[in-house]
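Input: a single structure, listed below in structure tokens.
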Amino acid sequence: MATSASSKLNKAVKQQYMDLPQGSKVQAMYIWIDGSGEGLRCKTRTLNSEPKSIEDLPEWNFDGSSTYQSEGSNSDMFLVPVAMFRDPFRKDPNKLVLCEVFKYNRKPAETNLRHTCKQVMSMVENNHPWFGMEQEYTLLGTDGHPFGWPSNGFPGPQGPYYCGVGADKAYGRDIVEAHYRACLYAGVQICGTNAEVMPAQWEFQVGPCEGINMGDHLWIARFILHRVCEDFGVVVSFDPKPITGNWNGAGCHTNFSTKEMREDGGLTVIEDAIERLGKRHRYHIGAYDPKGGLDNARRLTGHHETSNIQEFSAGVANRGASIRIPRSVAQEKKGYFEDRRPSANCDPYIVTESLVRTCLLKEEGEGPTDYSK
């Protein structure tokens, strides 16, 4: 299997340098979403002391013409820190800093979907919207071939791999364990992980997170996974259908509840929300992958535990529906529901925002309402 040249460098030699004291200085790695809406970029600066809050972190800038975010003739973009985590790679007191991107005129970059999401979340603070997102992904060699698959063929058919144990069933568990522990160290609200239906496919779950925190924590968890895979010399793919044929795709099932849904009799509120979602199916499909539904069209076929992209459906314990109500929720008549439509490469900011717009702000139609006017 093809792995990167960097992963073959002598890590013991690197560790000699990483063990050197750094005095009172702190390395802060600034992280942002690039112009693709899927890729992450990062760079590091030195701070004179350990930052205790976001307010202690200075704004920065970068060349947007090299990240699909601006023209070369006017390429400076601003990085505004919005969330801070412990750095599991350099360790304390160093930091990972998630940033929003703004253009030269201080307007949000096109792929800065956090900016509007935060405004929408501030409108429903009293409803305490909780989210939990199930991030599926696929491990690949640097040649794009699934990790652990035969070089000139396919593994056995799906069946034994989901939550599987054993060298012939679980492909790449070292990466999964490293990522899990790194997320816990960083302060990410990771709450679980499991092997998925297709070999070399895994899932981790983040949540429950309230409001804007959902997107912040999922993007940092994705960044940490990219970095862990880099250390192991492999590639992580969030493509919703990385392998064509009789293999499961990859989604990012999103669990959602409000204060009312979690209280006694909340099932009625859940059912009302689902009815509203059914009337805005096209709007949500457009928001649930970076290409306005084109990526998800390869995954949402009505097969392999998915609904059909053209149709809205809901049901109790039904993994072939657009919306699943867990059986325990139906029995207790309160709790949450699961939207199974978002793709693995979705932007969690617009996914969570669209759920709030439809279910709490009770918007209708095929486009979002502009509240800035």
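The values are calculated or read from the model by the stated rules, or taken from the named source; none is laboratory data. Only a predicted model underlies this, so the values are computations on that prediction, with no experimental measurement involved. With ideal geometry, Cβ positions are generated from the backbone for all residues, glycine too; neighbour counts draw on all protein chains shown. Areas reflect the complete protein model, heavy atoms only, side chains present, ligands, DNA and RNA absent. Shrake-Rupley method; radii C 1.70, N 1.55, O 1.52, S 1.80 Å.
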Distant alpha-carbon pairs in region 123-206 (separation over 16 angstrom), percent: 58
Computed FRET value (nearest 0.05) for K14 with C42, which takes r as the C-beta separation and R₀ as 22 Å: 0.75
Region 100-110 - phi-based ³J(HN,Hα) in whole Hz, Karplus 6.51/-1.76/1.60, Gly and Pro as x: 8, 10, 10, 7, 4, 8, 6, 8, x, 4, 4
For region 244-373, accessible area per residue (1.4 Å probe, heavy atoms of protein chains only), Å²: 44
Residues of type aspartates and glutamates that K118 reaches as a straight line, Cα spacing below 12 Å, ignoring anything fewer than 8 places off in the same chain: E100, E210, D216, E353
Out-of-range pairs (alpha-carbon distance over 32 Å; input K43/K373; K241/K333; K43/K291; K25/K103; K11/K169): K43/K373; K241/K333
Filtered trypsin sites (Lys or Arg not before Pro), region 10-75: DSSP coil and at most 10 other beta carbons within 10 Å: K52
Per residue value of the accessible surface for region 26-79 (all protein chains in place, 1.4 Å probe), Å²: 51
Cα-based convex hull volume of the chain per residue, rounded to whole Å³: 156
For region 243-281 and region 37-94, distance of Cα centres in Å: 34
I54 versus N308: modelled label distance in nm, points set 7 Å from Cα along the beta carbon direction: 4.4
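Counting only protein heavy atoms and a 1.4 Å probe, tell me what percentage of the chain's accessible area is made up of carbon and sulfur.
Using a 1.4 Å probe with all protein chains present, the chain comes out at 49 percent carbon and sulfur.
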Candidates per trypsin sites (Lys or Arg not before Pro) in region 71-164, loop by DSSP, up to 14 other Cβ within 10 Å: K91, R106
